[in-house]
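Written out below as structure tokens is the structure these notes cover.
The values are calculated or read from the model by the stated rules, or taken from the named source; none is laboratory data. Because the structure is a prediction, the values reported are computed rather than measured. Here the Cβ is made from the backbone with ideal geometry for all residues, glycine too, and neighbour counts use every protein chain on show. The protein model used for the area step is the full one, side chains on, heavy atoms only, and it has no ligands, DNA or RNA in it. Shrake-Rupley method; radii C 1.70, N 1.55, O 1.52, S 1.80 Å.
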Amino acid sequence: MSKRISTVTITVNRPQVMNAYRSQTYGEVTDAILTAGWDPGVSAIVLTGAGGKAFGTGGDTNEKKSERKGGFGTIGVPVELLHAAIRDVPKPVIAKVRGYAIGGGNVLATICDLTIAAESAIFGQIGPTMGSVDPGYGTAFLARIVGEKKAREIWYLCRRYTAREAMALGLVNTVVADDQLDAEVDRWCAEIAQRSPTAIAIAKRSFNADSENIRGIASMGYQSLALYYQTAEAKEGGNARREKRPARFRDVMIENS
């Protein structure tokens, strides 16, 4: 976490795995957002990924269950706590996206107050190809942003969307050349720093109040997801990935019905 003037930048530094989040990562980023978010000297928080190839690609599938510290979180990692932190702090959280924002990374870009993308940015979902889904902000809140039909398309088909396509959908605020991204984010943060922090906090609370019911949807959804992960169908996604073959979700579901 680095602090410059009134902006705090939080960088996930795991470029070797496309900035995938392990249990420790979720905890560290959550703590950093809460610390910066309640600091009266901070006006904006920027969330990004190191290396230039990825903003984030969701949970680290290479992390063993035994490495998850006490199974913290409904599904073993505290993803819902990170989502809550982004929404709950009274400061704007800005996603600065270079490269892939896929899976859980796409969800984070969705939840952040603002998303500023480089031309290289690629957005999309991957869960249903791997036996997973985000049954809360990643689905219900996404539908509020891009509309029901497009949100269903994003999840059902797991296609990839360019930064320009994502902006047309309303998922991204603006797109700039990769070498201009840092300066563009700095400009947005400088403007925010000139605004009333209390007015912005009230505005953020007001926006969130209208979609706060999604927190309950997410809580129920993650309980279901925890049960789903124990099924042969869900495990087929990981098995297929490790064996480098197409997943046979439907066959496995029928075999175990």
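Taking all protein chains together and rolling a 1.4 Å probe, Asp179 ends up with roughly 130 Å² accessible. Sequence-distant contacts, meaning Cα pairs under 8 Å at least 6 residues apart, place the relative contact order of the chain at 18 percent. Amide H contacts of Tyr21: Thr57, Gly58, Gly59, Asp60, each under 5 Å away and 5 or more positions distant or on a separate chain (H built 1.01 Å from N in the peptide plane; Pro and chain starts excluded). Helix-only arithmetic for the chain: the sum of -39500 (n - 2.57) across DSSP H runs with n ≥ 4, divided by the residue total, places the mean residue ellipticity at 222 nm at -14000 deg cm²/dmol. In the chain, the longest principal axis of the Cα atoms and the axis of helix 79-88 are about 20 degrees apart.
Pairing the Cα long axis of helix 232-243 with the longest principal axis of the chain, what angle in degrees results, from 0 to 90 and rounded to the nearest 10? Roughly 80 degrees between the two axes.
Where does segment 131-257 land on the Kirkwood hydrodynamic radius, alpha-carbon pairs, in angstrom? Could you put the intermediate results ahead of the total?
Values: mean 1/r = 0.0552 Å⁻¹.
With all distinct Cα pairs of segment 131-257 included, I get 18.1 Å.
Filter the trypsin sites (Lys or Arg not before Pro) in segment 50-159 to those in DSSP coil with at most 16 other Cβ atoms within 10 Å of their Cβ, and list the result. Passing sites in segment 50-159 are Lys53, Lys64, Arg159. Accessible area per residue for segment 195-257, computed on protein heavy atoms with a 1.4 Å probe, is 70 Å².
Taking a Cβ cut-off of under 14 Å around Asn213, the surrounding Lys, Arg, Asp and Glu residues balance to a net charge of +1, with basic ones at +1 and acidic ones at -1. Across segment 178-192, computed HN-Hα scalar couplings (Karplus, 6.51 cos²θ - 1.76 cosθ + 1.60, θ = phi - 60°) run 3, 6, 9, 5, 4, 5, 5, 5, 4, 5, 5, 5, 5, 5, 4 Hz from first to last residue, x flagging Gly and Pro. Counting only DSSP beta bridges whose two residues both lie in the chain, roughly 20 percent are antiparallel.
Show me the GluC sites (Glu not before Pro) within segment 18-103 that DSSP assigns to loop and that have at most 10 other Cβ atoms within 10 Å of their Cβ. Kindly include the intermediate steps, with their values, before the conclusion.
Details: sites: Glu28, Glu63, Glu67, Glu80; in loops: Glu63.
Answer in residue order: no site qualifies.
Give me, ordered by chain and number, the residues 5 or more places off Ser120 or on other chains with an amide H under 5 Å from its own placed amide H. Residues meeting the amide H criterion: Gly99, Asp178.
Could you tell me the number of lysine pairs in the chain with C-alpha atoms less than 15 Å from each other, where the two lysines are 8 or more residues apart or belong to different chains?
Working: Lys3/Lys91; Lys53/Lys96; Lys64/Lys235; Lys65/Lys235; Lys91/Lys204; Lys235/Lys244.
For the chain, the number of qualifying lysine pairs is 6.
Treating r as the C-beta distance of Glu212 and Arg242 and R0 as 30 Å, the FRET efficiency rounds to 0.15. Set the Cα radius of gyration of segment 113-181 against 2.2 N^0.38 Å, with N its number of residues, and you get 1.12. Charged side chains reduced to their Cβ positions (Lys and Arg at +1, Asp and Glu at -1) give the chain a dipole of some 360 debye around its Cα centre. Amide H contacts of Ala54 (H built 1.01 Å from N, in plane; Pro and chain starts excluded): Tyr100 sit under 5 Å, all sequence-distant by 5 or more or on other chains.
Between helix 213-228 and the chain there is an angle of about 30 degrees, using the helix long axis and the longest principal axis of the Cα atoms.
A cut-off under 13 angstrom between Cβ atoms defines the neighbours of Pro90, and their net charge, with Lys, Arg +1 and Asp, Glu -1, is +2.
Grouping the Cα pair distances of segment 71-137 into 5 Å bins from zero gives a pair-distance distribution of 4, 15, 24, 24, 19, 11, 2, 0 percent in increasing distance order.
Rg ratio for the chain: its Cα radius of gyration over 2.2 N^0.38 Å, N being its residue count, equals 0.99.
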